[in-house]
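**Q** Structure incoming, see below.
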Amino acid sequence: MAVPLPDWDESTRPTTSTYDEIGADERAAGQHLTAIHDMYRQGLAQVSAVLDQVVDGAAGLGEAREAVRQLGLRTAVERAGSFCGQLCRAVESHHRIEDAYLYPALRIADSGLGGVLDRLDSEHLVVHELLVRLDDTLVAVTRDPDRLGVLVEEFTHLRRLLESHFVYEEQQIGGALGVHRITV
Ligand SMILES: [Fe+2]
Ligand SMILES: [Fe+2]
């Protein structure tokens with residue numbers, strides 16, 4: 001039986017209301033985190049679209065089939081896989097920067113954010129576990145294109161978790177970043 005994908009319970013996330021009433025300037029100053037996340041959101045959507053095309057091509061659907069036929073299924077899967085791998089490495093390095101600089105700076109600026117930051121930290125660990133697993137699947141799928149379905153399942157799960165993490169992070173620490181003028 002397949003090992004379930006690592007996940008979390010969104011209902012147990014701590015929240016803070018300390019920064020709910022801040023001014024527009026301070027709020028705008030914390031927007032850089034959202035701008036960085038938007039780049040990853042775009043990347044996630046692009047990888048998703050490429051994977052969809054390969055899946056459709058493998059299933060013999062319309063234009064995607066033609067594109068995949070010209071490229072060859074194995075090459076199409078390898079290309080999609082390396083695109084996916086690049087994005088995963090970028091996300092991993094974004095989280096390492098937050099772990100090393102952003103969260104510690106916020107802990108110093110406001111000890112009241114401890115609960116939220118502990119939770120964000122623990123979500124990074126879950127995402128990391130999923131990225132390691134996805135990495136293994138990327139290697140496996142280049143040897144065996146039949147594992148494409150597993151890759152799509154793991155990637156779709158990663159995308160859902162990451163998009164949820166981004167929103168939670170922006171809502172809970174965006175204001176604090178602006179008020180304390182902490183930049184990534
Ligand atoms: Fe994060
Ligand atoms: Fe982030």
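**Q** Looking only at region 131-151, filter to residues that are within 11 Å of residue 74 (Cβ to Cβ) and touching a Lys or Arg at 6+ places or on another chain (Cβ under 8 Å); which one of those is surrounded by the fewest Cβ atoms within 10 Å (Cβ to Cβ)?
**A** 142
**Q** Pairs only if they're at least six apart or on different chains, beta carbon under 6 angstrom, first in region 162-184 and under 13 Å from residue 34 (Cα atoms), second within 12 Å of ligand 2 (Cβ to nearest atom) and among the acidic types (Asp, Glu); list them, first residue then second.
**A** The qualifying pairs are 165/123.
**Q** Among residues belonging to region 13-45 that are free of Cβ contacts under 8 Å to residues at least 40 places away in the same chain and not charged (D, E, K, R), point out the one that is farthest from residue 180 (Cα to Cα).
**A** 45
**Q** How do the pairs read when you match residues in region 72-97 that are touching a residue at least 60 places away in the same chain (Cβ under 8 Å) and within 15 Å of ligand 2 (Cβ to nearest atom) with residues anywhere that are among the hydroxyl-bearing types (Ser, Thr, Tyr) and part of a helix (DSSP H, G or I), using Cβ under 8 Å and keeping only pairs 6 or more apart or on different chains?
**A** 91/40
**Q** Please tell me if residue 7 is at pLDDT 95 or above and either in contact with a His (Cβ under 9 Å, 6 or more places away or on another chain) or over 26 Å from residue 119 (Cα atoms) (or both).
**A** yes
**Q** Taking the residues in region 11-55 that are acidic (Asp, Glu) and away from ligand 2 (no atom under 16 Å from the Cβ) as candidates, determine which candidate is nearest to residue 118 (Cα to Cα).
**A** 20
**Q** Right, another one. If we only count helices (runs of 4 or more DSSP H) wholly inside region 22-128, which ones have 3 or more residues that are closer than 21 Å to residue 169 by Cβ?
**A** 24-29, 32-58, 73-97, 103-109
**Q** Can you pull out the residues in region 15-33 that are more than 26 Å from the chain's Cα centre (by Cα) and small (Gly, Ala, Ser)?
**A** Listed by number, the residues that qualify are 23, 24.
**Q** Take the residues in region 119-138 that are of a type in the set (D, E, K, R) and in contact (Cβ under 8 Å) with a residue 60 or more places away in the chain, then tell me which one is farthest from residue 84 (Cα to Cα).
**A** The qualifying residue farthest from residue 84 (Cα to Cα) is 119.
**Q** Tell me whether region 107-115 contains one or more residues that are at pLDDT 95 or above and surrounded by 16 or more Cβ atoms within 10 Å (Cβ to Cβ).
**A** Scanning region 107-115, I find at least one residue that is at pLDDT 95 or above and surrounded by 16 or more Cβ atoms within 10 Å (Cβ to Cβ), so the answer is yes.
Conditions tested, residue by residue: (1) modelled with pLDDT of 95 or more; (2) hydrophobic (A, V, I, L, M, F, W, C); (3) over 20 Å from residue 144 (Cα atoms).
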{"site": "19", "(1), (2), (3)": "yes, no, yes"}
{"site": "28", "(1), (2), (3)": "no, yes, yes"}
{"site": "34", "(1), (2), (3)": "yes, no, yes"}
{"site": "44", "(1), (2), (3)": "yes, yes, yes"}
{"site": "63", "(1), (2), (3)": "no, no, yes"}
{"site": "77", "(1), (2), (3)": "no, yes, no"}
{"site": "93", "(1), (2), (3)": "yes, no, yes"}
{"site": "98", "(1), (2), (3)": "yes, no, yes"}
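The values are calculated or read from the model by the stated rules, or taken from the named source; none is laboratory data. Source: prediction; values computed, not measured. Cβ sites come from the backbone with ideal geometry, for glycine too, and all protein chains shown count toward neighbours.
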